[in-house]
1. For the range 83-115, which positions are part of a helix (DSSP H, G or I), surrounded by 17 or more Cβ atoms within 10 Å (Cβ to Cβ) and out of contact with any Gly (no Cβ under 9 Å at 6 or more places or on another chain)?
2. L210: modelled with pLDDT of 95 or more, in a strand (DSSP E or B) and surrounded by 20 or more Cβ atoms within 10 Å (Cβ to Cβ), yes or no?
3. Only helices (runs of 4 or more DSSP H) wholly contained in the range 233-329 count here; list those with 1 or more residues that are in contact with a strand residue (DSSP E or B) (Cβ under 7 Å, 6 or more places away or on another chain).
4. Can you name the residue in the range 322-340 that is closer than 19 Å to V14 by Cβ and touching a helix residue (DSSP H, G or I) at 6+ places or on another chain (Cβ under 6 Å) and is also surrounded by the fewest Cβ atoms within 10 Å (Cβ to Cβ) among such residues?
5. Looking only at residues that are assigned to a strand (DSSP E or B) and small (G, A, S) in the range 42-82, which one is surrounded by the most Cβ atoms within 10 Å (Cβ to Cβ)?
6. Just the residues that are surrounded by 21 or more Cβ atoms within 10 Å (Cβ to Cβ) and either assigned to a loop (DSSP other than H, G, I, E, B) or without any contact (Cβ under 8 Å) to a residue 60 or more places away in the chain (or both), please, taken from the range 122-147.
7. I'd like to check something: does the range 119-133 contain any residue that is among the β-branched types (V, I, T), farther than 29 Å from D173 by Cα and modelled with pLDDT of 95 or more?
8. Could you list, ordered by first residue, the pairs with Cβ atoms under 8 Å in which the first is in the range 262-290 and basic (K, R) and the second is buried (at least 17 other Cβ atoms within 10 Å of the Cβ), at least 6 apart or interchain?
Amino acid sequence: MWLLLLIICLFLTVYAHAGYPLLMALLARLRPRPVQADGTLPAGISIVLSVFNAESRIQARLQNLLACHWQGELEILVFCDGCADATAESVAALNDPRLRAISHPQQRGKATALNESIPLCRFPVVVLCDARQDFDVEALVRLARPFSDPSVGAVSGLLEIAPSATGSGQGVDLYWKIERKLREWEGRVDSVIGCTGAIYAIRRDLFQPLHPATILDDVVVPMNIVVGGHRVLYEPAAVAYDPQTLDPVLEKKRKLRTLAGNYQMMEHFPAWLLPWENRTWWQLISHKYLRLAVPWLLVAVCIFSLAAPKSPIIWLLLAGQVMAYGAAGAGLLLPGLKGRLFTVPAGFLLLQITCLRALGAYFQARKDALILWQAVPVKSAPPVRDP
């Protein structure tokens with residue numbers, strides 16, 4: 001019995017982080033679903049930014065968006081969500097008819113901002129983004145082009161983050177690279193499970209109002225589109241550049257929010273787990289929900305390894321766990337260690353610790369979802385641009 005339980009826990013752990021990506025890579029190669037896009041661009045697009053106290057950054061961000069290549073009509077809506085500074089005045093100071101600021105005196109969160117701004121958009125394709133990043137000059141064209149296929153309901157871009165300088169951060173870098181490839185494979189097979197919140201586009205008419213406390217709008221919005229029968233694609237050539245490095249502290253904060261949002265989705269959208277309601281149900285379970293169980297599975301693997309009748313394989317498994325956790329601990333405690341032998345286990349362990357904290361964070365967020373967006377110190381780096 002102990003051995004059977006051990007095998008099951010090991011299988012699920014390996015499947016969640018390696019088996020599922022490998023399966024999607026295989027399906028993307030053997031059974032890709034073509035996009036029937038002819039390259040025609042929409043006559044106009046709308047861009048929505050929800051910001052909070054972004055006075056110091058907003059003009060540079062808007063100038064970046066206005067400088068992107070786009071030959072059609074363009075409008076940019078800046079929703080000032082409880083801004084106590086002069087963000088709205090900074091938008092108006094640019095004196096550009098394509099810009100519009102919408103203000104609300106209280107901070108209510110991004111979900112409410114999207115609920116109020118998207119219906120005000122003039123054009124059928126809406127680009128959603130944040131104030132911190134910058135777009136590549138071709139980003140708008142790359143995002144908009146697939147919408148000439150009527151089956152496409154949303155398109156996610158790529159967030160380019162400067163590499164981390166710490167050992168554990170380099171392990172997280174590897175995780176992020178795998179995540180990007182996984183999204184690419186999912187989009188080829190059918191649809192991406194969630195978009196990159198810093199850069200994605202949707203059909204305005206497919207947007208469904210969000211619960212005001214929604215944590216993962218960039219997953220809930222595209223998943224509603226998928227469940228409604230459309231595809232969500234991934235376009236890695238549509239790039240947003242983040243000025244901050246992929247720092248372990250910042251990534252832990254972001255990952256905590258993401259994982260807490262996964263718990264919220266299970267509560268709010270249980271029908272997404274049903275094959276007859278959601279054709280991507282097994283992708284959702286494999287990509288999002290199963291990862292919540294991995295730290296508990298790892299604990300079970302340790303317990304079952306100790307309880308199982310000892311054999312050479314069991315002793316080898318126990319030794320492997322001691323070595324892996326030892327290397328991970330060394331990588332976390334000694335950031336200067338840069339070898340993959342330490343950085344990969346350290347990054348993995350960091351993510352699992354964050355995953356363990358996510359359930360508690362979700363219960364806290366049920367009282368006040370904005371707590372998950374509390375600021376942490378930012379380490380900046382020059383934007384990393386592909387050649």
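1. Taking the range 83-115 as the starting set, the residues that turn out to be part of a helix (DSSP H, G or I) are 87-93, 110-115.
Filter once more, so that each one left must be surrounded by 17 or more Cβ atoms within 10 Å (Cβ to Cβ): 87-88, 90-91, 110-115.
Passing the criteria: T87, A88, S90, V91, A111, T112, A113, L114, N115.
2. Working: modelled with pLDDT of 95 or more: yes; in a strand (DSSP E or B): no; surrounded by 20 or more Cβ atoms within 10 Å (Cβ to Cβ): yes.
For L210, the condition - modelled with pLDDT of 95 or more, in a strand (DSSP E or B) and surrounded by 20 or more Cβ atoms within 10 Å (Cβ to Cβ) - is not met.
3. Working: elements: 248-268, 281-284, 290-307.
In the range 233-329, the matching helices (runs of 4 or more DSSP H) lie at 248-268.
4. The initial filter retains those residues of the range 322-340 that are closer than 19 Å to V14 by Cβ, namely 322-325, 327-328, 340.
Imposing the further condition that a residue be touching a helix residue (DSSP H, G or I) at 6+ places or on another chain (Cβ under 6 Å) reduces the set to 324, 327-328.
Numbers: A324: 16, A327: 20, A328: 23.
Ranking the candidates gives A324 first.
5. The initial filter retains those residues of the range 42-82 that are assigned to a strand (DSSP E or B), namely 44-51, 73-81.
Narrowing the set further to residues that are small (G, A, S) leaves 44, 46, 50.
Working: G44: 16, S46: 23, S50: 25.
Per the stated criteria, the residue is S50.
6. Step one: filter the range 122-147 for residues surrounded by 21 or more Cβ atoms within 10 Å (Cβ to Cβ), giving 125-129, 133-136, 139-140, 142-147.
Once the filter is applied, which keeps residues that are surrounded by 21 or more Cβ atoms within 10 Å (Cβ to Cβ) and either assigned to a loop (DSSP other than H, G, I, E, B) or without any contact (Cβ under 8 Å) to a residue 60 or more places away in the chain (or both), the range 122-147 yields Q133, D136.
7. Going through the range 119-133, the residues among the β-branched types (V, I, T) turn out to be 125-127.
Adding the requirement that they be farther than 29 Å from D173 by Cα leaves 125-126.
With modelled with pLDDT of 95 or more added as a condition, the list becomes 125-126.
Scanning the range 119-133 turns up at least one residue that is among the β-branched types (V, I, T), farther than 29 Å from D173 by Cα and modelled with pLDDT of 95 or more.
8. Hits for this filter: R279/D190; R279/V226; K288/I193; K288/G194; K288/V219; K288/N262; K288/M265.
The values are calculated or read from the model by the stated rules, or taken from the named source; none is laboratory data. The model shown is predicted, which means the values in this text are computed figures rather than measured ones. Here Cβ is always computed from backbone atoms with ideal geometry, including for glycine, and neighbour counts include all displayed protein chains.
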